[in-house]
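Let me begin by presenting the structure, written as structure tokens, before commenting on it.
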Amino acid sequence: MSESIIRLGDCPSQRWKNGLGSTREIAVHPLTVGCSDFLWRASLAEVDSTAPFSRFPGIDRHIVLLDGAGFTMTLDDNQLHPLTTPFEPLAFPGEARVGVQLAGGPSRDFNLMVQRSQARGDVVVWRRQGYCPLTLTTVLVHAARGEIDTADGTLRCGDSWRPAAPSNGHVLLREDAVALMIRIERNL
């Protein structure tokens, strides 16, 4: 098995920075950094209470609902942002105070955090069966649903793949698959 494929079962659960929830870190770059010294970080979080999100000053955050009814986020006590539709990314500043109101039971979401002073990032959602092109800025592909074939093997739902080098290659989405493509571009 390739080291570039990250199986969700190999990612241990850990507490949020504020200690009020749990997450599974999928990937961080560079690999040798601590909780807030990363260029970018991808994780899966379990949201099962109204606990506020951890604050990350200087970080751009992107969140995508994967499973469950979702929740409404209240940023800085006045901006409401529903996260109730699966596979629709939402970006917000990491320094914002984020309160949560559950729409139903527990939810699971994908998170991307990017050090704003050093890079820009985004999450692109692919839902079409067939070949999905990579870009030179693609750093991670996450199987949000179904199975995805990569150059290094097959991803099952919850697994991720880090391309070994920048590539103009592709991945193959099987029937009903949804891929989250993480793109990072360093600031000039």
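Some points to look at:
- Of the options [x] 16.7; [y] 19.4; [z] 21.6, only one is Kirkwood radius over Cα pairs in Å as computed from these coordinates, and that is [x].
- Here's how it looks for LEU83: its modeled amide H is under 5 Å from those of PHE71, THR72, MET73, which are all 5 or more places away or on a different chain.
- Of the trypsin sites (Lys or Arg not before Pro) found in the range 115-188, the ones in coil according to DSSP and having at most 15 other Cβ atoms within 10 Å of their Cβ are ARG127, ARG128, ARG156, ARG174.
- Ordered by the count of other Cβ atoms within 10 Å of each Cβ, fewest first, THR84, THR50 give THR50, THR84.
- Taking amide H positions as modeled 1.01 Å from N, with prolines and chain starts lacking one, the residues under 5 Å from LEU140 and 5 or more places away or on another chain are ILE182.
- Local electrostatic count, ARG108, Cβ distance below 9 Å [Lys/Arg +1, Asp/Glu -1]: -3
- Distance (nanometres) between label positions extended 7 Å along Cα→Cβ at ALA69 and ASN168: 4.8 nm
- Derived scalar couplings ³J(HN,Hα) [the range 153-168; Karplus, 6.51 cos²θ - 1.76 cosθ + 1.60; whole Hz; x for Gly, Pro]: x, 9, 8, 9, 3, x, 7, 9, 9, 10, x, 5, 8, x, 8, 9
- On full extension, the segment bounded by SER49 and HIS81 gains 9.8 nm, given 0.36 nm per residue less the C-alpha separation.
- For trypsin sites (Lys or Arg not before Pro), the sites in the range 31-93 that DSSP calls loop and that have at most 15 other Cβ atoms within 10 Å are ARG55.
- Given 11 as the ceiling on other Cβ atoms within 10 Å, longest exposed-site-free region of the chain for GluC sites (Glu not before Pro) in DSSP loops: 4-174
- The string of couplings for the range 58-68 from the Karplus curve (6.51, -1.76, 1.60, θ = phi - 60°) is x, 10, 8, 10, 10, 10, 9, 5, 9, 9, x Hz, one whole number per residue in order, with x for Gly and Pro.
Any read-out appearing in this document is the output of simple, stated calculations on the displayed coordinates, not a laboratory observation. Since we're looking at a predicted model, the values are computed, not measured. Ideal geometry is used to build each Cβ from the backbone, glycine not excepted, and the neighbour counts take in all protein chains shown.
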